[in-house]
Amino acid sequence: MTVMLRVDSLTKIYGNGSTEAGGVRGASFGAGAGEFLTLLGPSGCGKTTSLRCIAGLEEPSGGEIEINGRVVYSGARHIRVPTAARDVAMVFQSYAIWPHMTVYENVAFPLEARRLGNAEIRRRVESVLAMVGLSGMADRPAPFLSGGQQQRVALARAVIKDAPVLLLDEPLSNLDAKLREEMRAELRDLQRRIGTTAVYVTHDQEEALALSDRIVIMHAGSVVETGTPRQLYFAPRTSFAARFIGQADLWPCRIAGRGEDVITVEAPWGVVHSRCFPDDLGAALSLMIRPEHVEIAPATAPDGGASLTGTVARVTFSGRLAEYEIEVGGALIRAQGTTARLWEPGSKVRLRLPPDRCVIVNGGGEA
Amino acid sequence: MAPRSDGSLAAGLAPSASPGRRRWSSVVRWVPSLAIGAVLAYLVVVPIALMLLSSVRPGGFPLDPGLTLGHYASVYGDPGFPALLWATVEFGVGSSVVALAIGLGLAWLIERTDLPARGVVRVLILLPMATPPLLMAIAWAMLLSPRVGFINQILTDAFGLRTAPFNIYSMLGLIFVQGLAFVPTAYLILAPSFRNFDPSFEEAAMTSGAGTWRLIRRILLPVLWPSILSAAVFLLMVSLVVFDVPGTLGTPAHITVLSTRIYYLVSDSPGGIPLYGRVGALAALFLVLLLALASAYHRLTLQAQRYRTVTGKAFRPRAMRLGRARPAAILAVIAYFLLSVAAPVAALVWMSLMPYQTRISWPALRLATFDNYRDLFVNGRVVASVAHSAAIAVSTATAVTVLALLVSWLAVRLKVPGGRVLDALAFAPVAIPGVMIGVALVYVYLTLNGIVPIYGTIWIIVVAYVTQYLPFGSRTMSGVMLQLHPELEEAALTSGAGRVRILWRITLPLMWPAAAAVWIWVAAHALRELSSALMLQGRENSVVPTLLWDYWAGGEPTRAAAVGVGLTLTLVLILGLWQAASRRGTKFV
Amino acid sequence: MSDVRRLTSVGRLLAGGLLVVFGLLAGSLTAVADPSSARLDQLAAQAAKAGTIIWYESSPDDQAAKIVAGFEQRFPGLKLEHVRDTGGNSIGARIVQESQSGVRTGDLATTGSSIIEPMIARNLLRKIDWAADGLDANMAPSPYAVRTTAVVYVILYNSSLVSEAQAPKNWLDLLDPKWDGKIGIWVRGEGQGALAAAWGEDKVVDYVKKMNARHPVVLKSTFPLAQQVAAGEILVGFSLYHSAQPPIRRGAPVKVVVPEPVPVETLYSVVPEKAGNPAGGELVALWLATPEGGKVYEDATDRGNPLLPNTKTHALLAGHTMAEYPAADAGKEAVIVERLNKLIESGATE
């Protein structure tokens, strides 16, 4: 896979200092051709700023950006390629549909800027409008569009440029939930069909997991962790990533013993084995257990090695699933199970913690 | 998360650079600021500097030798000074409050309720803007002067009063006339905020069970508060320098404000030559006061932007049902028009038909004549003045619009280095009285006569007006520019468009309604502006307002009235065009 | 205040053989104003070489046009251009500014002594040997200035609302309580100031204070004052003769009373040092001082030169005592006028 985007030590310091939210502090990541890369993080983490630096809408304070084999920004080498000359197209959070133009004029604009012939423009606009499901709406004035339609126009306008890298800034956040899921599928489908590289910014981890080939988790202007959705879900290496993606209980822990591919750790409520841990174990470690990975068995079931006993303290029933809080050694461990078997509060149970799902991550357990 | 607009377009301002070109690219980034900055400095800094220089010259002329602080001592040491300051503040605050109260009510009724015929009302509301304040004051004197004032006569007769109920020659009278004259400006500043107010705020309040009154008091006013305050500060600034109304109605009432004091020092002081030194010293106070207000204003508008209520989503503002209050609202609007337009214009028409000033009465009607109107067409000077005024209005309006657009584009959108200085410079002339701009320009162009021979021509007046109206232009343009979502332009940038194409295809079309509004406001004001034109009057640049003034001061108010009626009709026509233009635009702003 | 005080010292510059008009009986109110036509033609020939003659004066354009026509008829081939200055101090300001900037300024300016004095002090005016031009010291009291016309202060009243019997006859009649709130005065106290030449400062100050107790309507210009008398908004006015003429000509019920003494303010013509056509300026000044030019001027502006026996102003003032500060006392007068202006502006009665 050829590298389509390379962001190296990207820094963006705002005005009076670096502490202001939204800045970027030495972020590095990249994307291959046709890859769907998501920048994920809480608001103010610098993900939108990074995207805007790639587009050339913000000027970084330092670092280097390479798009399609061409360095478009380099602080050290004083390179700055203006936005219009970069191989990117972008979809904005507000859609930014020009209200004084029709749908057709909006979508045709990037081709017009490239000075293509009218016939060619018409042909391509029609095909792109068909692709986003807006055939027949070409002559509609932009202010007379619904939110979903505006979203499609924005997408069409970006896609028609045929740029190797498509930048998307929270494009689905203004849509209602149902439409959002629909558009999410369409977006992924469209990106696969045209084979462009997509860089997608969102704070919605579910969206990120569903759409992405790879996710870059950002926090306070830095990249915390990069990985495929599965890697980040099953084997995060940092407590931040563990907490940000999916549900997780994190417990401070101490290494009690180390085998070849297994580590024995001591958590506040007992001792467990872990087969999933980062290579670069730091000083402060946490044990991550996702509630859906805790298996609950009757207290009478055989021990089987990796198990603890406890009492069901609380049950939240939601039909298909039930959530439990189970008291073990003075602590409450969350667990989740199907309702094939429902445990009542006060029941004595045995908890199985498979070593593959007891994940040791770097960083404290603090929120 | 909110998109950061820092740098947005500016980030790509410099062309791609190789290592050796870095210094060059940073120079290039400064070019637009320096170019526009030079123009602004020329228009703004030079007059202010000359004025301050005058204030420390013993002889009061900037080219005189010597230095002194004596003018400051004599101005501020004058025992009458506190009273002067107080009268100025009273007049300024009073007329701003009147204008704001009426302007708020009208803006709300027109933009947010189901008041009938709102389109027509929207045009009519700007009519007082079309009547030169000098004529407005004369007309009101005819209606409300204590003895022959028409309204006073009617009321005295109807109720058997012994004394007239109103006296236009009083502080309240001044505030009333000036307040009415400011209403259109107040409305123009407030209306967009009302128009762009997100209806979901109102809807949320209504679903919370709030009635109309609670809605206005708890939701509408607080959300619009920064806009209201900034309108108040703008009006206050203008009211502190305004001349026509206190100049005409103030003297009989023994009311002197800063602007009329300056006029006195320039024109009527017994020393034989204008006391520019004291004018400068007084104006220095203006400058400090108004710059303080200007910075407050700047902060308020920023705050108003933070309250920005338009989102990317399209919405249609909802009209509130007036219900049972509808007849009362209609009556209030009619009463306003009677007061602000019908009554004074009727008084003017009456006066224009009389051979000399008469009280409005049946017996006087037999004196009626069209001589004054006939004179408009035969008098060569009237024709020339109209032609000059038209040329000046068009040039001034165009220059201000272009300059304001460039300044706001550079400062607000491109955020070029020094952009805030540009913005401040464009706003600073609000602090210079028109009389002083006139005085300063006389010097500039006398000195530059060899290079720029515009002294005594209409172009020197154009330069003065451009300086005077730049603050309104840049204020309006920056406001609208801030309202435009930056992503609209960024989307064009990521579409691969160059800067010029973006300006041409995206920014200008989106700014068009605002640009048209500024153009027409400036044109209308340039047609009626008096004080600086009086100072710059020369051999070949008589304009309609100076003609009016000459007629009035030369004892021919009836001819002045005829010219005024003609001027008012012309301006009505311009306003009609404006309305047509901005209606085209409202659909997307 | 410093400006005014400085003037007192320079006022004497105008002193050369001037005439104290105060106390002169109109019978002796004549001057030798007989420039020979040869001299006029000689100046005209010089002026023709220097092009258009530019004249700064404050009459409205249509009035000025009549004077210009009269001049150009008398001197065919010469072109006189009237530049209107709206009065007040702007003529002086314009000449000072143009002279300082080295631009061509007017060739002639016609204005009051208070405006001429500071220009003399700044060395902006030309000395001319008026005697050689045929003018005596009455007509040309200083090498810098020649008399052109006079502004005459009178009482106006509305004749449809006030009978002739009831109308005020002299200045003190204006203080009658029946005029309370119904009397109009000019914002500039120059008329009252001139009265001080006859009455003395204390009496005039007292007079203005008593006038203030009558709650006068203060107006910016005497032209609107006359119009207000015409309209009946005010019944009587302390005003000017010439500014009452427009409504009177149009049939308004305004009548003029000439009281004793008559405050007058002489307007002089001066030739600026930086004049582009000084011969032309001198020519116009000279022509205006002839009976012919003086008549043309008065017919156009209603302001005439009382020294010329063929003027209406001369007839108006016949048998009256005039009150005016001698030009040399322009500085002293300015101090008084400033004091009066403040009193009028404040409306103070004490």
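Here, each number is a calculation from the coordinates, and none is a lab measurement. In this text, all values refer to a predicted model and were calculated from it rather than measured experimentally. FYI the Cβ positions are ideal-geometry reconstructions off the backbone, even for glycines, and counts take in every protein chain you see.
Can you figure out the FRET efficiency of residue B:508 with residue A:120, using R₀ = 25 Å and their beta-carbon distance, to the nearest 0.05?
Working: r = 26 Å, r/R0 = 1.05.
E between residue B:508 and residue A:120, to the nearest 0.05, is 0.40.
Under a cut-off of 15 Å between alpha-carbon atoms, report the aspartates and glutamates in cross-link reach of residue A:12, not counting same-chain residues fewer than 8 places apart.
In chain and number order, the partners are A:20, A:58, A:59, A:64, B:6.
Give the calculated FRET efficiency between residue C:315 and residue C:346 to the nearest 0.05, with a Förster radius of 51 Å applied to their Cβ-Cβ distance. Display every interim value, and only then the final one.
Values: r = 39 Å, r/R0 = 0.76.
Efficiency, rounded to the nearest 0.05: 0.85.
Only helices at least 18 Å long along their axis, Cα-based, and averaging -1.0 or more on Kyte-Doolittle count here, so list those DSSP H runs from chain B. Please report the intermediate quantities before stating the final value.
Details: long enough: B:22-40 (28 Å, 0.67); B:81-112 (45 Å, 1.39); B:171-195 (34 Å, 1.49); B:221-241 (30 Å, 2.19); B:276-306 (43 Å, 0.95); B:380-408 (41 Å, 1.60); B:434-447 (20 Å, 2.04); B:458-483 (36 Å, 1.00); B:508-528 (29 Å, 1.20); B:557-586 (41 Å, 0.81).
Passing helices, by number: B:22-40, B:81-112, B:171-195, B:221-241, B:276-306, B:380-408, B:434-447, B:458-483, B:508-528, B:557-586.
Hand me the GluC sites (Glu not before Pro) from segment C:163-208 located in a DSSP loop with no more than 11 other Cβ atoms within 10 Å, in residue order please. Show your work: numbers first, answer last.
On the way: sites: C:164, C:190, C:201; in loops: C:164.
Sparse-neighbourhood loop GluC sites (Glu not before Pro): C:164.
Under 12 Å Cα-Cα from residue C:182, which aspartates and glutamates qualify once same-chain neighbours fewer than 8 residues away are excluded?
Output for residue C:182: C:233.
Output the antiparallel fraction of DSSP beta bridges having both residues in the protein assembly as shown, as a percent to the nearest 5. Each step should come with its number before you reach the end.
Details: 90 of 127 bridges.
About 70 percent, rounded to the nearest 5.
Could you work out the mean count of beta carbons from other protein chains within 10 Å of each residue's beta carbon in B:498-505? Walk me through the numbers on the way to the answer.
Values: counts 5, 3, 0, 4, 3, 0, 0, 7.
So the per-residue partner count for this stretch is 3.
List the residues whose amide H sits under 5 Å from the amide H of residue A:256, counting only those 5 or more places along or on another chain, with H placed 1.01 Å from N in the peptide plane.
Here A:264, A:265, A:266 satisfy the definition.
Per-residue counts of other Cβ atoms within 10 Å, averaged by peptide: what ranking do you get for B:390-402, A:274-286, B:352-364, highest first?
On the way: B:390-402: 21.1, A:274-286: 15.8, B:352-364: 18.8.
The peptides rank, most packed first, as B:390-402, B:352-364, A:274-286.
Please list, or write none, the aspartates and glutamates whose alpha carbon is within less than 19 Å of the alpha carbon of residue C:203, excluding same-chain residues fewer than 8 places away.
Result set, ordered by chain and number: C:173, C:176, C:190, C:260, C:324, C:329, C:333, C:338, C:345, C:350.
Under a crude label model (7 Å from the Cα following the beta-carbon direction), how far is residue A:339 from residue A:356 in nanometres?
2.9
Once the other residues with Cβ under 10 Å from the Cβ of residue C:244 are scored (Lys, Arg +1; Asp, Glu -1), what is the net sum? Don't skip to the answer; put the middle values down first.
Values: positive: C:249, C:255; negative: C:302.
Once positives and negatives cancel, what remains is +1.
With axes computed from alpha carbons, what is the tilt in degrees of helix C:222-231 against the longest principal axis of chain C, rounded to the nearest 10 within 0 to 90?
40
Could you work out the mean count of beta carbons from other protein chains within 10 Å of each residue's beta carbon in B:252-259?
Numbers: counts 13, 3, 10, 3, 3, 0, 0, 0.
Mean shielding by partner chains, rounded to a whole number: 4.
Can you give me the angle between helix A:103-113 and the longest principal axis of chain A, using Cα atoms only, in degrees from 0 to 90, rounded to the nearest 10?
Here the helix axis deviates by roughly 70 degrees.
Which percent, to the nearest 5, of DSSP beta bridges fully inside chain A are antiparallel? Please list the in-between numbers first.
On the way: 66 of 86 bridges.
Just about 75 percent of them are antiparallel.
Using only helices, what value at 222 nm comes out for the protein assembly as shown when you add -39,500 (n - 2.57) per DSSP H run of length 4 or more and divide by the total residues, to the nearest 500 deg cm²/dmol? Please list the in-between numbers first.
Details: 47 runs with 604 residues, N = 1306.
Result for the protein assembly as shown: -14500 deg cm²/dmol, rounded to the nearest 500.
Take peptides A:54-65, B:89-100, B:550-561, B:321-332 and line them up by average Cβ neighbours within 10 Å, highest first, as a rough protection proxy.
On the way: A:54-65: 23.5, B:89-100: 21.2, B:550-561: 25.8, B:321-332: 12.6.
Order by mean packing, descending: B:550-561, A:54-65, B:89-100, B:321-332.
Counting other beta carbons within 10 Å of each Cβ, put C:284, C:217, B:120, B:421 in order, fewest first. Please report the intermediate quantities before stating the final value.
Working: C:284 31, C:217 21, B:120 10, B:421 14.
Ranked by crowding around the Cβ, least crowded first: B:120, B:421, C:217, C:284.
About the Cα centre of segment A:231-367, how large is the charge dipole given +1 on each Lys and Arg Cβ and -1 on each Asp and Glu Cβ? Please answer in debye to the nearest 20.
Here the size comes out at about 240 debye.
Pulled fully out, how much extra length does the chain show between residue B:373 and residue B:154, if you take 0.36 nm times their separation in residues and subtract their Cα-Cα distance?
Working: separation 219, 0.36 × 219 = 78.84 nm, distance 2.87 nm.
76.0 nm is the gain from fully extending residue B:373 to residue B:154.
Write down the percent of antiparallel bridges among all DSSP beta bridges whose residues are both part of segment C:126-261, to the nearest 5.
Values: 10 of 16 bridges.
That works out to approximately 60 percent antiparallel.
GNM, chain C, Cα, under 10 Å: largest mean-square fluctuation among C:265, C:81, C:282?
Sorting by GNM fluctuation, first place goes to C:81.
Rounded, prolate or oblate, given the Cα gyration tensor of segment B:432-589, with a/c below 1.5 counting as rounded? Spell out each step's value before the answer.
On the way: a/c = 3.27, a/b = 1.69, b/c = 1.94.
It is oblate, given that a/c is not under 1.5 and a/b is not larger than b/c.
Sorting check: for A:295-301, B:76-82, which peptide has the highest mean count of neighbouring beta carbons within 10 Å, and how do the rest follow?
A:295-301, B:76-82
Using 15 Å as the cut-off for backbone N distance, which residues of segment B:42-59 belong to the label zone defined by a point 7 Å from the Cα of residue B:81 along Cα→Cβ?
Inside the label zone: B:55-56.
Is chain B best put as rounded, prolate or oblate by its Cα gyration tensor, with a ≥ b ≥ c the root eigenvalues, rounded for a/c under 1.5, and otherwise prolate when a/b is larger than b/c, oblate when not?
On the way: a/c = 1.70, a/b = 1.16, b/c = 1.46.
Because a/c hits 1.5 or more and a/b fails to exceed b/c, chain B counts as oblate.
Determine the shape class of chain A: with a ≥ b ≥ c the square roots of the Cα gyration tensor eigenvalues, call it rounded for a/c under 1.5, and otherwise prolate if a/b is greater than b/c, oblate otherwise.
Numbers: a/c = 2.92, a/b = 1.83, b/c = 1.60.
Prolate, since a/c reaches 1.5 and a/b exceeds b/c.
Using R₀ = 30 Å, calculate the FRET efficiency as 1/(1 + (r/R₀)^6) where r is the Cβ-Cβ separation of residue A:275 and residue A:70; round to 0.05.
Numbers: r = 44 Å, r/R0 = 1.46.
Once the sixth-power term is evaluated, E becomes 0.10.
Just counting partner chain Cβ atoms within 10 Å, what average do the residues of peptide A:87-94 show around their Cβ?
Working: counts 1, 2, 4, 6, 2, 9, 6, 10.
Across A:87-94, the average partner-chain Cβ count within 10 Å equals 5.
What residue among A:42, A:99, A:236 has the largest mean-square fluctuation in a Gaussian network model of chain A, using Cα springs under 10 Å?
Among A:42, A:99, A:236, the largest mean-square fluctuation in the Gaussian network model of chain A belongs to A:99.
Of C:220/C:274; A:47/A:178; C:66/C:127; C:178/C:209; C:169/C:210; C:295/C:332, which sit over 21 Å apart, Cα to Cα?
On the way: C:220/C:274 32 Å; A:47/A:178 25 Å; C:66/C:127 29 Å; C:178/C:209 17 Å; C:169/C:210 17 Å; C:295/C:332 32 Å.
Beyond 21 Å: C:220/C:274; A:47/A:178; C:66/C:127; C:295/C:332.
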